[in-house]
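Nothing in this text is a laboratory measurement; each read-out follows from the coordinates by a stated rule. These numbers were taken from a predicted model, which means no experiment stands behind them. Glycine gets a Cβ as well: all are built from the backbone with ideal geometry, and neighbour counts include every protein chain shown.
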Amino acid sequence: HGERTSQHDNLLGRTRAVLPSWLAIYYDEPIEIERGEGRYVWTDDGTRYLDFFGGILTTMTAHALPEVTKAVADQAGKIIHSSTLYLNRPMVELAEQIAAVSAIPDAKVFLTTSGTEANDAALLLASSLRRSNQILALRNSYHGRSFSTIAITGNRSWSPTSLSPFQTYYVHGGQRYRSPFAGLSDGEFIAACVADLRDVLDQSGGDVAALIAEPIQGVGGFTHGPDGLLGALAEVLREHGILIIADEVQTGWGRTGEHFWGWQAHGFTPDIVTFAKGVGNGLSMGGVIARAEVMDSLGANSISTFGGSPLTSAGALANLRYLLDHDLQANAARHGPVLIEGLRALGSPIVGDVRGKGLMIGVELVRPGTGTPGDPAPELAAAVLEATKRRGLLVGKGGLHGNVLRIAPPMTLTADEATEGLTALIAAIREVDGGLAAGAPTTDEEITA
Ligand code: PMP
């Protein structure tokens, strides 16, 4: 064990020495994940963790899903190559499958290697089609870390620079708990956001290329407005011919349970959709979906060297087929509400808000007794993160203030695993809130999912 520990410490030291200081790493004592299976991962010292974050939602179906492993191995045995210049069967089959489930009429698909690259391409499409570098984004948004996507990211804690290739305007609607429109009914909230959008458009002169929006904000702390909000904004935007980009990097593929795409809760159809993360089940895969007329408007002769490579396309296709064949959207709809209700029923004084849909759940931690919204408590979120780790559970953290726990297990989650994770999470929150929780179950057996 001593040798293991020193090897582990050595890896942390080497990480700090050779990788940028600004790359975030979880936990006071970071863990090295060596292996995964189903909803579990194992670290280098053999400790097992139930994975309720799936590498920021990249593990969409399961760790080591045999279908994906086989597809990748078979393809690797044939050729590992770049994506384009020659006909590429896995890329075409994946694009056909994505177009078929896209719910976008006359859809075409451009494959990339990440969400950042997908959003870059979407911004390029919209700004060149509309001949404008003006972009509308939601406050508290996150769209990537390239120069152009940082420029449209509203969550400034992720932006090292204010320099920007875009003129960006931020509008309300991405969150409710800390919104100036908090406390309003759904209808009033939507009306307030529409009025805000009209005001911003007046100030911009209306020469805007596109609105980009996450149906549920991921990095922002799994925040969202009411259903129908984006559709109401879209109605105004259509008056000006402004395009709408739905960033489905975290919300796509049925994760929200009730719909296959996050935008479908809003009563409109976006012009452009971007995706990444879960589609590859851990492989680097992302992309853009748009109507042919929008996609083909670019007068380019271009490639993405690696986007849609045979290896990652074969793996993503197997992953997507598994997800569809096993109706994992229904599984997300089955277990998500139980987790949400279990966390709400806890009544902890440090839990200010529990929100989300399906298997995408945010728990906002606040200082007890500080009202609504409570003061953000990043130190309590950090303490709960450590306490969940001690109980063999991995969850994520996020939000502008770093005070939101993010829960997004692989979508093959079982009822037993949901119970196991909820039990560990509740115990961790109770440990940190000092047992002040009112109405909390007294034994683990009472907590079922
Ligand atoms: N959009 C959203 C909504 C995201 O959550 C992320 C990643 N957190 C990105 C874009 C960027 O994706 P990537 O990290 O793959 O570049």
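Mean separation of Cα pairs under 8 Å and 6+ residues apart, divided by the residue count of the chain: what relative contact order is that in percent?
On the way: 928 pairs, mean separation 93.4, N = 449.
About 21 percent, as a whole number.
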Where both partners of a DSSP beta bridge lie in the chain, what percent of those bridges are antiparallel, to the nearest 5? 65 percent
Counting DSSP beta bridges with both ends in segment 67-325, the antiparallel % (nearest 5): 40 percent
Taking the Cα centre of segment 34-144 as origin, work out the dipole magnitude from +1 charges on Lys and Arg Cβ and -1 charges on Asp and Glu Cβ, in debye rounded to 20. 420 debye
Find which of GLY221, ALA24, THR59 sits farthest along the positive direction of the dipole of the chain, computed with +1 on the beta-carbon of Lys and Arg, -1 on that of Asp and Glu, about the Cα centre. ALA24
Let me check I've understood the local charge: for ASP271, count other residues with C-beta under 15 angstrom from its C-beta, Lys and Arg +1, Asp and Glu -1. What total comes out? -3
Which one of ALA126, GLY183, GLY315 is farthest out on the positive end of the charge dipole of segment 67-325, using unit charges on Cβ (Lys, Arg +1; Asp, Glu -1) and the Cα centre as origin? GLY315
Classify the chain as rounded, prolate or oblate, taking a ≥ b ≥ c as the square roots of the eigenvalues of its Cα gyration tensor: rounded when a/c is under 1.5, otherwise prolate if a/b is larger than b/c and oblate if not. oblate
Run the numbers on segment 67-325 and let me know its relative contact order in percent, using alpha-carbon pairs under 8 Å that are six or more apart. 31 percent
Restricted to pairs 8 or more residues apart or on different chains, the lysines in the chain with C-alpha atoms under 19 Å apart form a number of pairs equal to 5
Tell me, what ³J(HN,Hα) does each residue in segment 385-402 have, in order and in whole Hz, if you take phi through Karplus 6.51 cos²θ - 1.76 cosθ + 1.60 with θ = phi - 60° and put x for Gly and Pro? 4, 5, 5, 5, 4, 4, 9, x, 10, 9, 10, x, 10, x, x, 3, 9, x
Long-range Cα-Cα pairs in segment 67-325 (distance over 22 Å), rounded percent: 53 percent
What residue among LYS277, LYS397, LYS389 shows peak mean-square fluctuation when the chain is described by a Gaussian network model with Cα springs under 10 Å? LYS389
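Placing +1 at every Lys and Arg Cβ and -1 at every Asp and Glu Cβ, with all other atoms neutral, what dipole size does the chain have around its Cα centre, in debye to the nearest 20?
In debye, rounded to 20, the chain gives about 660.
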Which value, in debye to the nearest 20, describes the size of the charge dipole of segment 251-376 about its Cα centre when Lys and Arg Cβ atoms bear +1, Asp and Glu Cβ atoms bear -1, and nothing else is charged? 240 debye
Spelling out what I want: for every residue of segment 27-32, take phi, set θ = phi - 60°, compute 6.51 cos²θ - 1.76 cosθ + 1.60 (Karplus), and round to whole Hz; glycine and proline get x. 6, 4, 10, x, 9, 10
